[in-house]
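Visitor: One structure, as structure tokens, below. Some questions next.
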Amino acid sequence: MIEASVMRTVWNDGKTGYEVKAKGHAGAGKYGQDIVCAAVSCLMQTLANEVEEAARAGLVALGAVAHGEGWMRVEVTPTHESYDMVEAWVELVQDGLDALAESYPENVELVVNMVFADGKAPDPAQLPDMVDGKMNLQLFAEGGGDGGAAGDGAEAAPAVQAVQGDLFTYWQSLPEGRLDLIVSNPPYLTAEEMQHLQPEVAQEPAMALAAGEDGLVFYRALAEHYQRALRPGGALVLEIGWQQRQAVTDLLAENGWADIECRKDYGGNDRAITARRSGK
């Protein structure tokens, strides 16, 4: 079981601190083939990469990443200017963890907390769109506060818009240089691997697994067509099969991507490739 948590702490000065943690092993597959563990690793590593980059650039007041065998913790406190950016990162990871916890309840557990340091009940407008309302609110200060009532029914604009498209053509509809981050966990199994699936993996639709003869058809499209959609310096994060590091790295390099790196999952396997759009 992977135990994941997302905690937001709102301090007396109005700043918000974030702590995202994951520990344990999902146990959803054999070593090197646990797709649930790999997905959690990809989400956590994506957040860690962005926080470390922001800390180096001085965009956050605090950015720290710690990890060990089977666990990772990411802490970040944004500045006023970077709050929206950091909140978007955390919401992205939280939504991903929530989807995994819902789909694989025996393998992933997610706890979401929001702590108000001044002991006052929060204004509903302060609350981000949490996991279907599944959030623990904590007030710590003498006196506490009454639980705030919900708003008057006014609907906020959605923070995330879902669209359906074809990866092989969708890039044509994206304006150039508008995206900060692309995260993809595409199908990556080869034709040979599709013939020898574990029983639990075989339950998934084939279209969610198969990626052509060499397992690279989706990576090829991403490498060739999606760099233009990112702003200069924008990041790409790809989950990969544990034997695909060199092949995917080569595809990205051939298409002019910069700062290409590989990150390992909790099992020590190559699991995610990160890269950035080159140029200014």
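The values are calculated or read from the model by the stated rules, or taken from the named source; none is laboratory data. As the structure is a prediction and not an experimental result, all values here were calculated from the model. Here the Cβ positions follow ideal geometry from the backbone for every residue, glycine too, while neighbour counts run over all protein chains shown.
Visitor: Given the criteria within 18 Å of the chain's Cα centre (by Cα) and either of a type outside the set (D, E, K, R) or not assigned by TED's automatic domain parsing to the domain that holds His25 (or both), does Leu230 qualify? If you could, list the steps in order and put the result at the bottom.
Guide: Working: within 18 Å of the chain's Cα centre (by Cα): yes; either of a type outside the set (D, E, K, R) or not assigned by TED's automatic domain parsing to the domain that holds His25 (or both): yes.
Taking the combined requirement at face value, the residue satisfies it.
Visitor: Looking only at the stretch 185-207, which residues are of a type in the set (S, T, N, Q), surrounded by 14 or more Cβ atoms within 10 Å (Cβ to Cβ) and under 14 Å from Ile35 (Cα atoms)? Give the derivation first.
Guide: Taking the stretch 185-207 as the starting set, the residues that turn out to be of a type in the set (S, T, N, Q) are 185, 190, 195, 198, 203.
Those still in the list that are surrounded by 14 or more Cβ atoms within 10 Å (Cβ to Cβ) too: 185, 190.
Within the stretch 185-207, just Asn185 meets the criteria.
Visitor: Where residues in the stretch 47-104 are assigned to a helix (DSSP H, G or I) and among the small types (Gly, Ala, Ser), which of them is nearest to Asn185 (Cα to Cα)? Even if it seems obvious, please write down each step before you answer.
Guide: Just the residues of the stretch 47-104 that are assigned to a helix (DSSP H, G or I), to begin with: 47-56, 83-103.
With the extra rule that they be among the small types (Gly, Ala, Ser), the set shrinks to 48, 54-55, 88, 96, 99, 101, 103.
Working: Ala48: 17, Ala54: 23, Ala55: 26, Ala88: 19, Gly96: 11, Ala99: 14, Ala101: 17, Ser103: 16 Å.
Within the stretch 47-104, the match that is nearest to Asn185 (Cα to Cα) is Gly96.
Visitor: Name the residue, out of Val248, Val237, that is β-branched (Val, Ile, Thr), at pLDDT 90 or above and over 18 Å from the mean Cα position of the chain (by Cα).
Guide: On the way: Val237 fails: over 18 Å from the mean Cα position of the chain (by Cα).
Within the list Val248, Val237, the selection yields Val248.
Visitor: At least 3 residues that are touching a residue at least 12 places away in the same chain (Cβ under 8 Å) in each: list the helices (runs of 4 or more DSSP H) lying fully within the stretch 170-280 that qualify. Break it down stepwise before answering.
Guide: Working: elements: 199-202, 217-225, 245-254.
Filter on the stretch 170-280 gives 217-225, 245-254.
Visitor: Tell me, yes or no, whether the stretch 215-236 has at least one residue that is surrounded by 19 or more Cβ atoms within 10 Å (Cβ to Cβ) and over 16 Å from Leu167 (Cβ atoms).
Guide: The answer is yes, given that some residue of the stretch 215-236 is surrounded by 19 or more Cβ atoms within 10 Å (Cβ to Cβ) and over 16 Å from Leu167 (Cβ atoms).
Visitor: Something else now. Within the bounds of the stretch 238-258, is there any residue that is over 28 Å from Met85 (Cβ atoms) and basic (Lys, Arg)?
Guide: Within the stretch 238-258, one or more residues are over 28 Å from Met85 (Cβ atoms) and basic (Lys, Arg).
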